[in-house]
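Visitor: Below you'll find the structure I mean.
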Amino acid sequence: MEIKVLGTGCAKCKKLEELTRNVVAEMGVEATIEKVEDIYKIMQFGVMRTPGLVVNGKVVLSGKLPGTSELKELLENA
Amino acid sequence: MRDRFKILLWPFVLLALWILIYNNLHEIADLVVYRLMGLKEGTHLTESIWFFIFEVPKVMLLLVLIVFIVGVIRSWFSAEKTRKALEGKSLFAGNVMASVLGILTPFCSCSAIPLFLGFVEAGIPIGVTFSFLIAAPLINEVALILLAGLFGWKVAVIYVVTGLTIAIVSGFVIEKLKLQKYVADWVFQVKANHAAMEEQELTLADRIQVGFDTVKEIVGKIWIYILIGIAVGAGAHGYVPEDYLARIMGEGSWYAVPLAILLGVPLYSNAAGIIPIVAVLMEKGVTLGTALAFMMSVIGLSLPEIIILKKVLKWQFIAIFVAIVATGITMVGFLFNLLHL
């Protein structure tokens, strides 16, 4: 699984990266997690609200910090 | 299914409880201060404590209710829908709509840049985009409810109407000044992928859940400021020399409004944190116009936001933006001082 956390460095964006790492570790799946901070690259995903979450090239979340169970669900369905 | 039913029921149960407590705040404060704490009526200390015990639950109740309602309403709006609504709108109508949508669209100042880029990329005029960016922080539901609670609904309505006017006119002027050349060059090269994420339709139960989540998030973040603010207000209740501030920032001095705005820019606070300070200022003789100008300056023109905007705007643009909004706020301040509201 290829996961990208989009965010320019706000508190919520950092939280989302941390949360994603924890959830991935807990699920025990193979995944690369990358933090995208370049606004130019963020825009190319069409995300106007940060933080955003991209799984395998598809935007699955934008503009909010999900709860642990919600994030788990998003990753499982992706 | 049972969970869904439960969540639809909760708001009614809580509302009944809310009304019950709200209508008995006076009695509750009397009971706590005079009976439970056994304090004597009439002293400064007792007065301060009573004010605190009365004001904290009142403001908290109003806050929880309004944040919940706004949270639910906002679940119908999103930055993507707002952008779509603004595409191809004519200039003035666009400014009006952008300002109103600025109030209703969920927005966090850390998203200001991606939002700005997304709007510009969709061909929405810079001035219309700015109406949105000015209105979004300036007109704040927490400020609205606190103003209504502390000074009455008239002041709260005035706040919204003047805030909207500033956002509409400022955006319009920014467009007319043709400031495009002062936008960082790379901004216009951004190509965004539009079919980014399909939005799923929410059920009513989902929306109510959004409301509860919003309350948890916002009230969880600001309750401490409100507590401190009211404590400051309660402490000032009778202690600070009454006309001290009135002499510097009272009615007689023309420079009160510009001074208040200048003081407000470097201060950065959420709306909730600033209102109790405004309440204290007014109690000490600062006029409403000056106090409102101070508040608008703190929440609408903040240094951190200006620094964020520096990424996409050249300094000339930022200087003009600050000058226009500050002028608008100054006019609002003078207007209210003149009208003696």
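Read-outs: derived from the displayed coordinates by stated rules, not from any lab. The shown structure was predicted, so the numbers you read here are calculated from the model rather than taken from an experiment. Quick reminder, even Gly has a Cβ in these numbers, built from the backbone with ideal geometry, and neighbours come from all protein chains shown.
Visitor: Starting from the Kirkwood Rh over alpha-carbon pairs, what translational D in µm² s⁻¹ does the range A:2-77 have by Stokes-Einstein at 4 °C and 1.567 mPa s? Can you show the working numbers first?
Guide: Details: Rh = 12.1 Å.
Approximately 107 µm²/s, per Stokes-Einstein.
Visitor: When 1/r is averaged over all different Cα pairs and the result inverted, which Kirkwood radius in Å belongs to the protein assembly as shown? All intermediate terms of the calculation are to be shown ahead of the outcome.
Guide: Details: mean 1/r = 0.0429 Å⁻¹.
Result for the protein assembly as shown, one decimal place: 23.3 Å.
Visitor: Modelling each spin label as a point 7 Å along the Cα-to-Cβ direction, I'd like the residue B:185/residue B:206 distance in nm, to one decimal.
Guide: About 4.4 nm separates the two model spin labels.
Visitor: Under a GNM of chain A (C-alpha, springs under 10 Å), which listed residue has the highest mean-square fluctuation: A:12, A:41, A:64?
Guide: A:41
Visitor: Go through B:281-287, A:34-40, B:111-117 and give me the packing order, highest mean Cβ count within 10 Å leading.
Guide: Details: B:281-287: 19.6, A:34-40: 14.9, B:111-117: 24.0.
Highest mean packing first, the order is B:111-117, B:281-287, A:34-40.
Visitor: Once amide H atoms are built 1.01 Å from N in the peptide plane, which residues 5 or more positions from residue B:313, or in another chain, come under 5 Å H to H?
Guide: Amide H to amide H, under 5 Å and 5 or more residues apart or across chains, residue B:313 pairs with B:184.
Visitor: Continuing with the same structure: Using θ = phi - 60° and the Karplus relation 6.51 cos²θ - 1.76 cosθ + 1.60, list the HN-Hα couplings for the range B:125-137 in order, rounded to whole Hz, with x at every Gly or Pro.
Guide: Couplings: x, 4, x, 5, 4, 5, 4, 5, 5, 7, 5, 4, x Hz.
Visitor: Using only atoms on other chains, find how many Cβ atoms lie within 10 Å of each Cβ of peptide B:110-120 and report the average.
Guide: Across B:110-120, the average partner-chain Cβ count within 10 Å equals 6.
Visitor: For residue B:73 and residue B:9, what does the FRET efficiency come to when R0 = 25 Å and r is the distance between their Cβ atoms, rounded to the nearest 0.05?
Guide: 0.80
Visitor: Same structure, new question: Cut-off under 18 Å on the C-alpha distance; same-chain residues fewer than 8 positions from residue A:58 excluded. Which aspartates and glutamates are left, in chain and number order?
Guide: List returned: A:2, A:17, A:30, A:34, A:37, A:38, A:70, A:73, A:76, B:80, B:198, B:199.
Visitor: I've got another one for you. Once each part is reduced to its C-alpha centroid, what is the distance from the range A:47-75 to the range B:59-104 in angstrom?
Guide: So the two Cα centres are separated by 22 Å.
Visitor: Step through the table entries B:89/B:310; B:84/B:176; A:14/B:84; A:35/A:64, compare each Cα-Cα distance with 18 Å, and write down the pairs that go over it.
Guide: Numbers: B:89/B:310 27 Å; B:84/B:176 23 Å; A:14/B:84 29 Å; A:35/A:64 16 Å.
B:89/B:310; B:84/B:176; A:14/B:84, as the Cα separations exceed 18 Å there.
Visitor: Suppose each label sits 7 Å from its Cα in the direction of the beta carbon; what would the residue B:315-residue B:263 distance come out to in nanometres?
Guide: 2.8 nm
Visitor: Separation of the range B:7-48 and the range B:274-300 by C-alpha centroid, Å?
Guide: Centre-to-centre distance over Cα atoms comes out at 27 Å.
Visitor: Amide H neighbours of residue A:45 under 5 Å, counting only residues 5+ apart in sequence or on other chains, H built in-plane at 1.01 Å?
Guide: B:193
Visitor: To continue, here is another question. Using Cα pairs closer than 8 Å and at least 6 residues apart in sequence, work out the relative contact order for the range A:2-77, in percent. Intermediate values should be presented prior to the final figure.
Guide: Numbers: 107 pairs, mean separation 29.4, N = 76.
Relative CO of the range A:2-77 lands at 39 percent.
Visitor: Can you list the HN-Hα couplings for the range A:58-73, worked out from phi with the Karplus curve (6.51, -1.76, 1.60; θ = phi - 60°), rounded to whole Hz and with x for Gly and Pro?
Guide: Couplings: 10, 6, 10, 7, 8, x, 7, 9, x, x, 4, 5, 5, 5, 4, 4 Hz.
Visitor: Then there's this: Please report the base-10 log of the normalised intensity I(q)/I(0) for chain B, using a Debye sum with one equal scatterer per alpha carbon and no solvent, at each q in 0.09, 0.12, 0.15 (1/Å).
Guide: -0.55, -0.93, -1.29
Visitor: Something else: Counting alpha carbon pairs within less than 8 Å and at least 6 residues apart, what relative contact order, in whole percent, applies to chain B?
Guide: On the way: 411 pairs, mean separation 66.5, N = 341.
Once normalised by length, the contact order is 20 percent.
Visitor: Given the options B:87, B:55, B:41, which has the most mean-square fluctuation in a GNM of chain B, springs set between C-alpha atoms less than 10 angstrom apart?
Guide: Residue with maximal mean-square fluctuation among B:87, B:55, B:41: B:41.
Visitor: Hey, got the average number of other protein chain Cβ atoms within 10 angstrom for residues in A:63-70? Could the numbers behind the result be given before it?
Guide: Details: counts 9, 5, 1, 0, 1, 0, 0, 0.
Across the residues of A:63-70, the mean count of other-chain Cβ atoms within 10 Å is 2.
Visitor: Taking the Cβ-Cβ separation of residue B:227 and residue B:46 as r and a Förster radius of 22 Å, what is the calculated FRET efficiency to the nearest 0.05?
Guide: 0.65
Visitor: Along its three principal axes, how long is the range B:1-152 when you only count alpha carbons? Whole Å, largest extent first please.
Guide: Projected onto the principal axes, the Cα atoms of the range B:1-152 cover 66, 47, 25 Å.
Visitor: Here is a follow-up. Ordered by residue, what ³J(HN,Hα) values in Hz, to whole numbers, does the range B:167-181 give under the Karplus form 6.51 cos²θ - 1.76 cosθ + 1.60, where θ = phi - 60° and Gly and Pro are x?
Guide: These are the phi-based 3J(HN,Hα) values: 5, 5, 5, 4, x, 4, 5, 4, 5, 5, 6, 6, 8, 3, 5 Hz.
Visitor: Go from 0 up to the bin containing the longest alpha carbon distance in the range B:256-338, width 10 Å each, and give me the % of pairs per bin.
Guide: Here the calculated profile for the range B:256-338 is 20, 49, 25, 7, 0.
Visitor: Using Cα springs under 10 Å in a Gaussian network model of chain B, which residue among B:88, B:42, B:127 shows the largest mean-square fluctuation?
Guide: Comparing B:88, B:42, B:127 in the GNM, the peak value goes to B:42.
Visitor: Tell me the label-point distance for the pair residue B:213, residue A:32, using the 7 Å Cα-to-Cβ offset, in nm and rounded to one decimal.
Guide: In this crude spin-label approximation the distance works out to 3.0 nm.
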